[in-house]
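Read the structure below first, then the notes.
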Amino acid sequence: MEDLKKLIREVPDFPKPGILFYDITTLLKDKGGFRGVIDGLKLQYREAQVDVVLGIEARGFIFAPALAYALGAGFVPVRKPKKLPAACVSVTYDLEYGTDSLEMHKDAIGSGSRVLIVDDLLATGGTAAAAGRMVREAGGTVAGMGFVVELTFLGGRKKLAGYDVFSLLQYDQ
């Protein structure tokens with residue numbers, strides 16, 4: 001998997017000075033790189049008996065449907081508020097400077113469904129923790145949380161204690 005790191009562009013001072021941004025668009029355009037991500041996540045979760053893969057807006061939408069297909073599971077989108085047309089469940093969570101919210105259709109996850117939460121990046125863990133809370137409140141079980149990239153120096157894994165957390169690529173700084 002370390003070969004995949006070579007396909008990720010590092011952009012200094014984006015979105016603000018002092019931040020090093022890991023741009024996955026260069027990984028996505030590489031057919032071997034994209035396949036490597038999906039195959040790596042599939043290998044990790046092939047025995048997890050996943051019913052649905054939940055993808056978090058927006059970049060989770062890139063990986064979650066492809067992984068759902070590879071696992072023979074359904075796909076559930078989690079969106080920002082007021083983007084889904086039917087009755088929704090919602091969760092609000094704290095950010096470093098404020099709050100944010102996520103929504104999912106009320107009927108998206110059946111009681112007892114095994115749900116794999118997928119996103120591109122694990123940073124501080126707040127969004128993934130909120131998605132996990134939403135799955136539990138809907139009656140599902142979180143079978144795991146899979147990420148393409150983890151910024152280990154931000155400590156997001158600590159907010160996800162009790163979950164099976166996996167990341168393909170880790171950056172220590």
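No value in this document is a laboratory result; all are computed from the given coordinates. Note that the coordinates shown come from a computational prediction; the quantities given were computed from them, not determined experimentally. Reconstructed Cβ throughout: ideal geometry from the backbone, glycine too, with neighbour counts over all protein chains shown.
Below is a table of values for the structure above.
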quantity: Max mean-square fluctuation residue, GNM over the chain, Cα-Cα springs under 10 Å, options Ala129, Ala161, Ala58; calculated: Ala161
quantity: Antiparallel content of DSSP bridges confined to region 1-97, in %, to 5; calculated: 45
quantity: Fluctuation leader among Gly156, Gly144, Gly98 - the chain, Gaussian network, Cα springs under 10 angstrom; calculated: Gly98
quantity: Antiparallel content of DSSP bridges confined to the chain, in %, to 5; calculated: 35
quantity: Residues listed by number, region 103-144, amide nitrogen under 15 Å from Lys158 label point at 7 Å toward C-beta; calculated: 123-126
quantity: Vicinal HN-Hα couplings computed from phi for region 72-83 (Karplus, 6.51 cos²θ - 1.76 cosθ + 1.60; Hz; Gly/Pro x); calculated: x, 10, x, 10, 10, x, 10, 10, 5, x, 6, 10
quantity: Whole-number percent relative contact order across region 1-55, with pairs defined as alpha carbons under 8 Å at least 6 apart; calculated: 27
quantity: Value of Rg to Rh for the chain (Rh from inverse mean 1/r over Cα pairs, i.e. Kirkwood); calculated: 0.95
quantity: Backbone N within region 91-123 under 11 Å of label point (7 Å from Ala58 Cα along the Cβ vector); calculated: none
quantity: Potential extension, Thr92-Asp30 segment - 0.36 nm per residue separation minus Cα distance; calculated: 18.8 nm
quantity: Pairwise centroid distance, computed over Cα atoms, of region 91-124 with region 11-50, Å; calculated: 19
quantity: DSSP-defined antiparallel bridges as percent of all bridges, region 101-173, nearest 5; calculated: 0
quantity: Highest-fluctuation residue, Gly55, Gly18, Gly112 considered, GNM on the chain with Cα pairs under 10 Å; calculated: Gly18
quantity: Paramagnetic label zone (point 7 Å from Cα along Cα-to-C-beta, Phe21; backbone N under 13 Å) in region 59-81; calculated: none
quantity: 3J(HN,Hα) from dihedral phi, region 134-142, Karplus parametrisation 6.51/-1.76/1.60, rounded to Hz, x for glycine, proline; calculated: 5, 4, 4, 5, 7, x, x, 10, 7
quantity: Relative contact order (%) - region 48-171, alpha-carbon pairs under 8 angstrom, separation at least six; calculated: 23
quantity: Burial ordering of Val165, Val118, Val135, fewest other beta-carbon atoms within 10 Å first; calculated: Val165, Val135, Val118
quantity: Helical mean residue ellipticity (222 nm; -39500 (n - 2.57) per DSSP H run of 4+; nearest 500) of the chain; calculated: -8000 deg cm²/dmol
quantity: Length released on extending from Arg9 to Ala48, taking residue separation times 0.36 nm less the Cα-Cα span; calculated: 10.9 nm
quantity: Charge dipole (debye, nearest 20) of region 1-90; +1 at Cβ of Lys and Arg, -1 at Cβ of Asp and Glu; calculated: 340
quantity: Cα-based shape type of region 1-77, given that a ≥ b ≥ c are square roots of the gyration tensor eigenvalues and the cut on a/c is 1.5; calculated: prolate
